[in-house]
Amino acid sequence: MNSTSFSKAELERYSRHLIIPEFNIKGQRRLKNAKVLVVGTGGLGSPLLLYLTAAGVGTIGILDFDVVDDSNLQRQVLFSVDDVGKPKVEAAQKRLKGLNPHVNLVVHNTMLTSENALDIIKDYDLVADGTDNFPTRYLVNDACVILGKPNVYASIFRFEGQVSVFNYKNGPHYRDLFPTPPPPGLVPSCAEGGVIGVLPGIIGSLQANEVLKILSGIGEPLSGRLFLFDALTFETRTLKVHKNPETPEIKELIDYDHFCGLNLNGESKDEEVKEITVEELKSLKDSNSDYQLIDVREEYEYEICNLEAELIPLGGILDNVEKVASDKKVIVHCRSGARSATAISQLEKKFGFDNLYNLRGGILAWADSIDTSMAKY
Amino acid sequence: MAKVIIPTPLRKFTNNTASIDANGGTIKESIISVADQFPELKKHIFEDGGEIRKFIRIYVGDEDINVLDKENTKVSSDSVISIIPAIAGGIS
């Protein structure tokens, strides 16, 4: 290890680390020798990648499958206007290379799956989880447990953030805290729920700090503890996390969409519902046909853009069943088509409707194909 | 009265109230006293059979009730009870 040397340029760059007595060149050397995989280059991944690169972590894996979108720029400070439309990993690599040329950046332009996770993660010392959905959370966790890698975890929702270090030196992991995911639709995703732009900056920076502590071997990592931050009240709490003797042993990776798509009644998330395309809806509108259009989004979303539909948010759809027509075609829509499918599925099951059609792709598809002047969010 | 802190995802069921005073000498009594004030909250915390849902953790102070006396864990008037849901957030 001691053979790892630094150039003059590196010594000067990292001098503020080197003069911290408990960090010094030994800590810096550990960073340089370390390999970290950052899963997700979004709100959390942005500060993570920027700080880990700036700090001089030797090898950083950047994993994402998405392209940069206008709506990312409110919080994903890694990206610029010029990056919109480009693969996130490429834009990230370019930005980070400009920040620190001494770091080896490895790009994984792919979705993390049960098929590739072990193969990708095995080459790293540590994983920082900055993903945005439950299936990938459980996948990252399980892969880290199987491979014995620490998993530095953070998650955000609106004004609230969680941080912890899982699977560190045989400490508790994500499944010890949350054995099962919530049923789909109960906790909205960030794309539905929103997030205040600076929150991932705060939480992702805390996450980066935990990564640096573990790699350099200083301080007390947040293992066996869960840190909570409420940006609205500025309340912080640090709770204990214990290993749960009832957590089943993780021996292999599973189908995580399936695992997370099952709700507590054992019903499948992606049940088939009848669909209609935005083009077909346009024809219906133009032909003055008799039909009902229902929007199951929230009121504040309706204010951003709408199709002049009747607004019945998903949470209240069953209580407002009398507003849903049963004698004509009813088209139900939301932002992307997921919530409206859930609404239809619930109405069909509970009340036996057979005249409900899901608008495929939701209002986003309408904005893409029919009315390009409409704001997407 | 014990204080129950409501996490962001569940605040839409409590008129956006972040903290609610609860009656009761145990965790279960306290949570039920809050859930009775906000019936929508109840079905998001409890299974039909009355058990606390598995994707929600309940803490008193900084300790998980699962390593204490579970739902029968005693609370005092200065206890702070936290409801901790799994959140996936982040967005890409």
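Readers should treat all values here as calculations from the given coordinates under stated rules, not as data from a laboratory. Only a predicted model underlies this, so the values are computations on that prediction, with no experimental measurement involved. Please note: Cβ atoms are built from the backbone with ideal geometry, for glycine as well, and neighbour counts cover all protein chains shown.
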Once amide hydrogens are built 1.01 Å from N within the peptide plane, the residues lying 5 or more places from residue A:357 or on another chain with amide H under 5 Å from its amide H are A:330, A:331, A:332
Table column - 3J(HN,Hα) (Hz), the range A:197-210, Karplus curve with 6.51, -1.76, 1.60, x for Gly and Pro: x, 7, 4, x, x, 5, 5, x, 6, 4, 4, 4, 4, 5
Percent antiparallel among DSSP beta bridges confined to the protein assembly as shown, rounded to 5, stands at 50 percent
Report the label-to-label distance for residue A:246 and residue B:54 in nanometres (one decimal), using points 7 Å from each Cα along the Cα→Cβ vector. 0.8 nm
Spin-label model distance (nm) - residue A:97 vs residue B:62, 7 Å beyond Cα toward Cβ: 4.5 nm
Taking a straight Cα-to-Cα line shorter than 18 Å from residue A:94, and setting aside same-chain lysines fewer than 8 residues away, one finds A:86
How do A:260, A:144 rank when sorted from fewest to most other Cβ atoms within 10 Å of their own Cβ? A:260, A:144
Per residue of the range A:101-115, what does 6.51 cos²θ - 1.76 cosθ + 1.60 with θ = phi - 60° give for ³J(HN,Hα)? Whole Hz please, x for Gly and Pro, Karplus curve as stated. x, 7, 9, 8, 9, 10, 9, 10, 8, 7, 7, 6, 10, 4, 7
Straight-line reach check, residue A:35, cutoff 15 Å on alpha carbons, 8 or more apart in-chain or any other chain, hits among aspartates and glutamates -> A:119, A:123, A:125, A:129, A:210
The Kirkwood hydrodynamic radius of the range A:275-369, taken as the inverse of the mean 1/r over all distinct Cα pairs, in Å, comes to 13.1 Å
Among A:227, A:178, A:166, whose mean-square fluctuation peaks in a Gaussian network model of chain A (Cα, cutoff 10 Å)? A:178
Sequence-distant residues sharing a close amide H with residue A:58 (under 5 Å, placed H): A:32, A:33, A:34
Partner aspartates and glutamates for residue B:43 [C-alpha distance under 17 Å; skip if fewer than 8 residues away on the same chain]: A:319, B:29, B:51, B:71
Fully extended contour minus Cα-Cα distance, from residue A:285 to residue A:147, at 0.36 nm per residue: 44.2 nm
Pairs A:169/B:70; A:32/A:169; A:32/A:213: which are spaced more than 18 Å apart, C-alpha to C-alpha? A:169/B:70; A:32/A:169
Using the Cα centre of chain A as the reference point, and only Cβ charges (+1 on K/R, -1 on D/E), how large is the resulting charge dipole? Debye, rounded to the nearest 20. 2120 debye
Residue-ordered couplings for the range A:315-329, obtained by feeding phi - 60° into the Karplus form 6.51 cos²θ - 1.76 cosθ + 1.60 and rounding to whole Hz (Gly and Pro as x), are x, x, 5, 6, 6, 10, 4, 5, 7, 8, 5, 10, 10, 8, 5
For chain A, the fraction of alpha-carbon pairs in successive 10 Å shells from zero, as %: 5, 21, 28, 24, 14, 6, 2, 0
Full extension between residue A:329 and residue A:255 adds, at 0.36 nm per residue less the Cα distance, a length in nm of 23.1 nm
